[in-house]
Structure formats: structure tokens, C-alpha cells
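Input: a single structure, listed below in C-alpha cells.
The values are calculated or read from the model by the stated rules, or taken from the named source; none is laboratory data. Quick caveat: nothing in here was measured; it's all calculated off a predicted structure. When we count neighbours, we look across all protein chains shown, and the Cβ atoms used for this are built from the backbone with ideal geometry, even at glycine. For the accessible areas, the whole protein counts, side chains as well, though only heavy atoms, and no ligand, DNA or RNA atoms are used. Shrake-Rupley method; radii C 1.70, N 1.55, O 1.52, S 1.80 Å.
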Amino acid sequence: MIAKRTMIHRLLMDEPLSEAPGAQVAVLLVFAGFEFDPRRDELRKGGAPIALRPKPLALLRHLLKNPARLLMKDELIAALWGPTVVTDDSLVQCVGDLRAALDDRDLRLIKTLPRRGYMLDTTVEVVTPGPVKAAAAATRPVWFLGTSAFMPADAGEMDQSLLELFHAMPRESRLKLLSLLVRPDPRNALSRRA
């Protein structure tokens, strides 16, 4: 349990998990049907991102660092607002926003311990996507649609990290890669000219 908690803490503090220089491990924190990607600071359910404002997102990160542990109100206020003076009402609003995003109407995920604090009452698992999934995503076809965009054949299944990697590449490299992967669409007049 201590090793798992240390791993979660390192993930949420943006510390690399691998000892190799420059190496990063892609991981997700999975809890109660949700996924949290610490590298992107993104909460998802069923692959769909859930929008969170900065303070509820910071609260989620702090709760995930300390699953099944009572977090006192003062500790949470200090972690979220630092030296800024806020009332308990600000924390209550932040917890309410996070509960709404997690659809926690029955207060099963985030427990309130009256006059004391809050606790994330669920198991948090660290999941590392396997290399088979990444290899499968790399072989998905890319299509030219219209005159302006290259898109995956099935945008819902496109691995987001590959898309981010693609957009981070220099323009010349993207064009070269696309020229190798693009299949012309027979319905597109521009592709018939080529």
C-alpha cells in the first residue's frame, strides 16, 4: 500500500516514474469508473473528458494523492489556496463542484466527516497502458477529408497521445508522415486530380 501511495504521489507531483533519464511512463489513475491522466490533468469517464475548473481539479489531485485518508479542512484549504485567506464556504463550493463532476449525488465517493474534513472513499488503481494498445493505435489509417484536415478513420478511437505527438512534430515531418499514411478518398475531387 505504501509503494502504491508513493507511486500515485510521484505521478501527481509530475515526477518521472522511470529511473532512465528522459523516460516517461504513460499511466492513468482509475477509480470508481473514472480515469485521471496526471500528465494531461484530465478527468475522463468512458473516454470522454470531464471539464473541471482549476480549484476542483486541484482538489481532485489532492484527494487522489491521499485516497481513503481523512483530509482536514485546514489542510485542504492550505493545499488549494495557499496563503490566501478563504472561508470554509469556498471549500464547500469546491467540493460541491467536484461532486457534481463525479456525479456523486449520494456522497459515496467524497465523504464528508462533519467538522473535520473530507475523504476520497474509493480504491485508486495505477494503470499503465500496454504496448499492444499503443502499437494498434499507431497502425490506424489516416484519411484526407476535404481540403483542410487530416483525421483518423474513426475519430472516437484515435489515441489522443498520438494526436498530440503528431501536432508537436514540425510541419515538414507531419507532411512526410501523412504522405506515407494517407489514402485518397475517391469521393474527393482533389484526390482524383492527383
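Report, by residue number, each residue of segment 29-60 that is assigned to a helix (DSSP H, G or I) and open to solvent by less than 50 Å² (accessible area, probe 1.4 Å). Outline the logic, then answer.
In the first step, residues of segment 29-60 are kept if they are assigned to a helix (DSSP H, G or I); the result is 54-60.
If the condition is that a residue be assigned to a helix (DSSP H, G or I) and open to solvent by less than 50 Å² (accessible area, probe 1.4 Å), then Pro56, Leu57, Ala58, Leu59, Leu60 are the ones that fit.
Test Thr122 against the stated conditions and say whether it is modelled with pLDDT of 55 or more, of a type outside the set (Lys, Arg), surrounded by 15 or more Cβ atoms within 10 Å (Cβ to Cβ) and out of contact with any helix residue (DSSP H, G or I) (no Cβ under 9 Å at 6 or more places or on another chain). Full working, then the answer.
On the way: modelled with pLDDT of 55 or more: yes; of a type outside the set (Lys, Arg): yes; surrounded by 15 or more Cβ atoms within 10 Å (Cβ to Cβ): yes; out of contact with any helix residue (DSSP H, G or I) (no Cβ under 9 Å at 6 or more places or on another chain): yes.
Yes, satisfied.
Evaluate the following for Val92: is it among the hydrophobic types (A, V, I, L, M, F, W, C) and over 15 Å from Leu43 (Cβ atoms)? Reasoning before the result, please.
Values: among the hydrophobic types (A, V, I, L, M, F, W, C): yes; over 15 Å from Leu43 (Cβ atoms): yes.
Against the criterion (among the hydrophobic types (A, V, I, L, M, F, W, C) and over 15 Å from Leu43 (Cβ atoms)), Val92 qualifies.
For segment 62-89: of the residues being part of a helix (DSSP H, G or I) and open to solvent by 40 Å² or more (accessible area, probe 1.4 Å), which is nearest to Arg115 (Cα to Cα)? Working first, answer last.
First, pick out the residues of segment 62-89 that are part of a helix (DSSP H, G or I): 62-65, 73-81, 88-89.
Subsequent filtering for residues that are open to solvent by 40 Å² or more (accessible area, probe 1.4 Å) retains 73-75, 78-79, 81, 88-89.
Values: Lys73: 8, Asp74: 11, Glu75: 13, Ala78: 16, Ala79: 18, Trp81: 19, Asp88: 10, Asp89: 13 Å.
Ranking the candidates gives Lys73 first.
Somewhere in segment 105-112, is a residue open to solvent by less than 60 Å² (accessible area, probe 1.4 Å), closer than 25 Å to Val127 by Cβ and either modelled with pLDDT of 95 or more or not β-branched (Val, Ile, Thr) (or both)? Steps first, answer last, please.
Looking only at segment 105-112, we keep the residues that are open to solvent by less than 60 Å² (accessible area, probe 1.4 Å), and these are 109-110.
Applying the additional criterion that residues be closer than 25 Å to Val127 by Cβ yields 109-110.
Subset that is either modelled with pLDDT of 95 or more or not β-branched (Val, Ile, Thr) (or both): 109-110.
Checking segment 105-112: at least one residue is open to solvent by less than 60 Å² (accessible area, probe 1.4 Å), closer than 25 Å to Val127 by Cβ and either modelled with pLDDT of 95 or more or not β-branched (Val, Ile, Thr) (or both).
Quick check on Leu98: is it assigned to a helix (DSSP H, G or I) and under 16 Å from Leu113 (Cα atoms)? First the steps, then the outcome.
Details: assigned to a helix (DSSP H, G or I): yes; under 16 Å from Leu113 (Cα atoms): no.
It is false that Leu98 is assigned to a helix (DSSP H, G or I) and under 16 Å from Leu113 (Cα atoms).
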